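A short write-up of the structure that comes next.
Since every read-out is calculated from the coordinates, none of them should be taken as a lab result. These numbers were taken from a predicted model, which means no experiment stands behind them. Cβ coordinates were reconstructed from backbone atoms using ideal geometry, including for glycine residues, and neighbour counts include every protein chain displayed.
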Amino acid sequence: MRVDLHTHSARSDGTDTPAELMAVAFAAGLDVIALTDHDTTAGWAEVAQHRPRGLTVVPGVELSCASPVAGGRAIGVHLLGYLFDPRHGAFRAERIRLRESRHGRAEEMVRRMRASGLPIEWERVAALAAGGPVGRPHMARALVDAGQTGTVDEAFRLHLHHDSPHYVPKADLDVSDGVRLIAAAGGIPVLAHPLARSRGRVVGDDVLADLAAAGLLGLEVDHPDHVEDDRRHLRGLAADLGLLATGSSDYHGTNKQTPIGMCHTNPAVLDAIIGLSTGASPYTD
Ligand code: AMP
Ligand code: FE
Ligand code: FE
Ligand code: ZN
């Protein structure tokens, strides 16, 4: 059984519609995928409707969070939530707040890029986001479309990375609050790519232990942005802290190179996630 617990559709910053994502997953021979769009559950209804027989879909989300650093700039972290109740009021309000914050932040980044002479139009960025949570991949694609850069990856390296003068932080959610919100809505909180070092600073083992104490239930261990040594370290840490260890591709369609199904989750871990959740059920035959 092949299980991929982290994918994005065009309801956030992937390029496949939820229906296309289902077809891609099915064609790749996957048995289970999770839909984890950034800060939105907008794709859930579409996957429920378009899921092919034989493919199980775990509805989820990837929340934009931050881990505070005493006296310094917070570290951005991503928190996966699976099988929560999307109607839970406080959690729903927080997802709305995160999406609204993305909007103002993207407008400011576009303003800064234009001020420095880059050919990027807010209308194009907004059209690419199609009413969903707008993110840097939409800005990257707008720069590619305008002929400014050759690829999305190059746009990140030249103009959109964390230390770029155009970068504006989002109003992220404190990650321990995120853990509690997901749990309160009956869901399973799993920290996404904890050691994806190419994206900037990463949190230390002490933070992971604190999050486990706050109710975190898993660590994403196998991820394309994790080198082998870090995977081994995280696997040991997950065992020590009593956390589930997941694996996933973080597929984004053509906005990233990674093929769907590139990393997998052990089916026993999926069973634990389903067994512990009380907020929603997987879409299955
Ligand atoms: P944002 O949420 O707007 O800060 O944008 C972060 C998103 O950009 C993440 O979800 C990543 O999927 C994506 N991303 C980060 N670095 C790159 C890169 N070098 N190439 C393509 N996508 C990237
Ligand atoms: Fe993304
Ligand atoms: Fe992420
Ligand atoms: Zn992701």
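See the values below:
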item	result
Selected from 130, 236, 43, residue furthest toward positive end of dipole (the chain; charges at beta carbon)	130
Pairwise FRET efficiency - residue 27 versus residue 69, Cβ, R0 = 41 Å, nearest 0.05	0.45
Per-residue Cβ neighbour rank within 10 angstrom, fewest leading, 17, 41, 254	254, 17, 41
Cα centroid separation - segment 212-248 against segment 104-178, whole Å	30
Computed [θ] at 222 nm, deg cm²/dmol, the chain (DSSP H ≥ 4; -39,500 (n - 2.57); rounded to nearest 500)	-11500 deg cm²/dmol
Computed label-point distance, nm, for sites residue 103 and residue 123 using a 7 Å Cα→Cβ extension	1.9
Per-pair calculated FRET efficiency, R0 = 45 Å: residue 228 and residue 93 via Cβ, rounded to 0.05	0.65
DSSP bridge orientation in the chain - percent antiparallel, rounded to nearest 5	40
Relative contact order (%) - segment 210-285, alpha-carbon pairs under 8 angstrom, separation at least six	27
Spin-label pair residue 161/residue 272, simplified geometry with 7 Å Cα→Cβ offset, distance in nm	3.6
GNM result for the chain, Cα springs below 10 Å: residue of 247, 261, 72 fluctuating most strongly	72
